[in-house]
Amino acid sequence: MDSSSFLMQFAQQLINGVSLGSIYALIALGYTMVYGTIKLINFAHGDVYMVGAYIGFFATTVLGLGFLPALLLAMVGAGILGMFIERAAYRPLRNAPKIAVLITAIGVSLFLEYGSMLLVTPQPRTFPAVLSSTPIHIGGLIINSQQVLILGVSLFLMVVLTYVVNYTKLGKAMRAVSFDTDTARLMGIDVDKVISYTFAVGSALAAAAGVLVGVYYNSIDPLMGIMPGLKAFVAAVLGGIGVIPGAMLGGVLMGVIEALVSGFISSTFRDAAAFGILIIILLFKPAGLLGKNIREKV
Amino acid sequence: MLLVENINVYYGAIHALKGVSVEVKEGEIVTLIGANGAGKSTTLRTISGMLKPKTGKILFEGQDIAGMAAQNIVKLGLSQVPEGRRIFANMSVLENLELGAYIRNDSKEIKEDLEKIFKRFPRLAERKTQMAGTLSGGEQQMLAMGRAMMSRPRILLLDEPSMGLAPLLVKEIFSIIQDINATGTTILLVEQNAHMALSIAHKAYVLETGRISLSGTAKELAASEEVRKAYLGA
Ligand SMILES: Nc1ncnc2c1ncn2[C@@H]1O[C@H](COP(=O)(O)OP(=O)(O)OP(=O)(O)O)[C@@H](O)[C@H]1O
Ligand SMILES: [Mg+2]
């Protein structure tokens, strides 16, 4: 391989990696936001992503909706599901030991996976081609129009989220609850409500990722959330769990590493190498890339 | 204005408050003094809804607020500056103050109140966009007080505002408390610095291992032999 074709290949894998990574980032945001507020690793999050993909699937096939309305419907549906899961499964355990909540989360995850199998059969479904996929050639690089869509939608959602978290009253309340729940209460913040909204937002973002993946890979099934869920969780830890820009960075990095490994080494080796690299990064930065410990002065 | 009647508060099996009663009348500064672990913070946290008393009443302007959710008590006009300031360290000074006004929706008046706070605490005005966690201890105390004032409370509960501050700053903080009181806010002040607290308060209570052991006007208590020995080092 001469150096120019190497560079070409590198750039191509970078493009693939960033679009895959932005999907991981969307999922990772839900992990990190929920962890930030109630210190729970919501193991059911990957399955909410799967449910989002199915809502998108039925919205396009049964209801005949276009891409954007289907995406919106999936986001709203998953948002409500997320709020419901929090209300029914996690809130009653707010003061229970961590391990009880963690086991409940695994239970919710299994419930969603096998409940979906019962409801929609374990058979993979072919996601309809709601958008044509046209390769766009730039120089020697090929960008799929669907990759552009993935990037565009993810970027848009992340910009909106960043705005909401930094500049709106709800966003400030979320950050306050995340930093110090008791004091947030003293400010007059209804903590339960804020936690509920946090689940809604995180779940909606995961659903968007689910629909995008459906559009991109054409195939969805009830267990599709397990691997991306796991990777997005690692991405959130890599970026610094609880830190929103960290989840975005971690997700994109995860996607890029994965694409580079499968492009240059081997795609069977992809996950092992990706996780290996992440472990090495975490050895040097245990709090994650953007994770920091601000201590209060007393 | 605030009437705490015979409350009993437990942490699991620990009986932290044993029939505590406190009365604060409109316009007063009332102080609650006592040694470490006497139950001062527990009393304030129970009033502001962070803890639920097992028995007893807490009447705020006639309404029983015992066991009411903390966020709803703030809306009634009762605000607390918690022990250790508890500012939101990862947010700017301005954002901290805005969170203080969380229960309000009158954005124009919130702006005016912000100006008032910045006038009262010029050091905060200079540091509006600074991360609150990088403020000095005294500045953090001012921020915590400013934040509590942003909800326009009718009564302000302060938990050891002098903690960890140099004598000069303690004086400044206490004169600000007097000033806040003079502009119409009733104050319930918890302090270990009994000398300073008694010097600005109208009325005082002494808390000893979960019980009120003494009460009276601040003058009476400052003159009493017991208080002088135990709390004023005389
Ligand atoms: N979260 C808790 N769990 C169990 N016991 C507690 C808890 N908080 C306080 N206590 C106990 O309740 C008693 C009263 O504590 P409190 O914090 O009200 O004291 P304090 O008068 O504010 O003391 P200080 O001056 O040190 O702040 C103490 O014996 C303390 O150990
Ligand atoms: Mg205390």
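The values are calculated or read from the model by the stated rules, or taken from the named source; none is laboratory data. Computed from a predicted structure; not experimentally measured. Every residue, glycine as well, gets a Cβ built from its backbone with ideal geometry; the counts of neighbours run over all protein chains shown. SASA here: full protein model, heavy atoms, side chains in, ligands and nucleic acids out. Shrake-Rupley method; radii C 1.70, N 1.55, O 1.52, S 1.80 Å.
Filtered by the rule that a residue be part of a strand (DSSP E or B), free of Cβ contacts under 8 Å to residues at least 60 places away in the same chain and either surrounded by 24 or more Cβ atoms within 10 Å (Cβ to Cβ) or within 16 Å of ligand 2 (Cβ to nearest atom) (or both), region B:10-46 gives B:11, B:14.
Scanning region B:213-222 for residues that are farther than 21 Å from residue B:41 by Cα and open to solvent by less than 40 Å² (accessible area, probe 1.4 Å) yields a single hit, B:222.
Quick grid of which residues meet (1) among the basic types (Lys, Arg); (2) more than 10 Å from chain B (Cβ to nearest Cβ); (3) over 24 Å from residue A:19 (Cβ atoms):
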{"site": "A:157", "(1), (2), (3)": "no, yes, no"}
{"site": "A:187", "(1), (2), (3)": "no, no, yes"}
{"site": "A:195", "(1), (2), (3)": "no, yes, yes"}
{"site": "A:199", "(1), (2), (3)": "no, yes, yes"}
{"site": "A:210", "(1), (2), (3)": "no, yes, no"}
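Here the condition is being more than 9 Å from ligand 1 (Cβ to nearest atom), within 14 Å of another protein chain (Cβ to nearest Cβ) and touching a strand residue (DSSP E or B) at 6+ places or on another chain (Cβ under 9 Å); of B:48, B:41, it holds for B:48 alone.
Table: residues versus (1) on the phi > 0 side of the Ramachandran plot; (2) touching a Phe, Trp or Tyr at 6+ places or on another chain (Cβ under 6 Å).
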{"site": "A:84", "(1), (2)": "no, no"}
{"site": "A:94", "(1), (2)": "no, no"}
{"site": "A:117", "(1), (2)": "no, no"}
{"site": "A:131", "(1), (2)": "no, yes"}
{"site": "A:139", "(1), (2)": "yes, no"}
{"site": "A:178", "(1), (2)": "no, no"}
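Does residue A:220 satisfy being within 12 Å of the chain's Cα centre (by Cα) and over 30 Å from residue B:79 (Cα atoms)? In short, no.
Results for (1) away from chain B (no Cβ under 14 Å); (2) not small (Gly, Ala, Ser), shown as yes or no for each residue.
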position	(1), (2)
A:240	no, no
A:255	yes, no
A:271	yes, yes
A:278	yes, yes
A:281	yes, yes
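In region B:140-190, what residues are assigned to a loop (DSSP other than H, G, I, E, B), open to solvent by less than 30 Å² (accessible area, probe 1.4 Å) and within 16 Å of ligand 2 (Cβ to nearest atom)? B:160, B:161, B:162, B:165 - these are the residues of region B:140-190 that are assigned to a loop (DSSP other than H, G, I, E, B), open to solvent by less than 30 Å² (accessible area, probe 1.4 Å) and within 16 Å of ligand 2 (Cβ to nearest atom).
Within region B:95-139, being free of Cβ contacts under 8 Å to residues at least 40 places away in the same chain, facing chain A (nearest Cβ under 9 Å), surrounded by 18 or more Cβ atoms within 10 Å (Cβ to Cβ) and more than 23 Å from residue B:74 (Cα to Cα) holds for no residue. Screening residue B:55 against (1) near ligand 1 (Cβ under 9 Å from one of its atoms); (2) of a type in the set (Val, Ile, Thr); (3) more than 14 Å from chain A (Cβ to nearest Cβ) leaves a single unmet condition, (1).
Of the residues screened, residue A:152 is one that is open to solvent by 10 Å² or more (accessible area, probe 1.4 Å) and either away from chain B (no Cβ under 13 Å) or modelled with pLDDT of 95 or more (or both). Within region B:55-91, the set of residues being assigned to a loop (DSSP other than H, G, I, E, B), of a type in the set (D, E, K, R) and farther than 18 Å from residue B:149 by Cα comprises just one member, B:61. Across region B:81-118, the qualifying residues are those that are over 12 Å from residue B:140 (Cα atoms) and polar (S, T, N, Q), and the one among them that is farthest from ligand 2 (Cβ to nearest atom) is B:107.
I'd like to check something: does region B:200-212 contain any residue that is touching a helix residue (DSSP H, G or I) at 6+ places or on another chain (Cβ under 9 Å), open to solvent by 10 Å² or more (accessible area, probe 1.4 Å), within 16 Å of ligand 1 (Cβ to nearest atom) and more than 30 Å from residue B:123 (Cα to Cα)? Within region B:200-212, one or more residues are touching a helix residue (DSSP H, G or I) at 6+ places or on another chain (Cβ under 9 Å), open to solvent by 10 Å² or more (accessible area, probe 1.4 Å), within 16 Å of ligand 1 (Cβ to nearest atom) and more than 30 Å from residue B:123 (Cα to Cα).
Only a single criterion out of (1) touching a Gly at 6+ places or on another chain (Cβ under 6 Å); (2) buried (at least 16 other Cβ atoms within 10 Å of the Cβ); (3) outside any strand (DSSP E or B) is not satisfied by residue B:52, namely (2). All conditions but one from (1) more than 24 Å from residue B:46 (Cα to Cα); (2) touching a residue at least 60 places away in the same chain (Cβ under 8 Å) apply to residue B:194; the one that does not is (1).
Residue-wise test of (1) within 14 Å of chain A (Cβ to nearest Cβ); (2) farther than 24 Å from residue B:20 by Cα; (3) touching a Lys or Arg at 6+ places or on another chain (Cβ under 9 Å).
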{"site": "B:181", "(1), (2), (3)": "no, yes, no"}
{"site": "B:197", "(1), (2), (3)": "no, no, no"}
{"site": "B:200", "(1), (2), (3)": "no, no, no"}
{"site": "B:212", "(1), (2), (3)": "no, no, no"}
{"site": "B:216", "(1), (2), (3)": "no, no, yes"}
{"site": "B:228", "(1), (2), (3)": "no, no, no"}
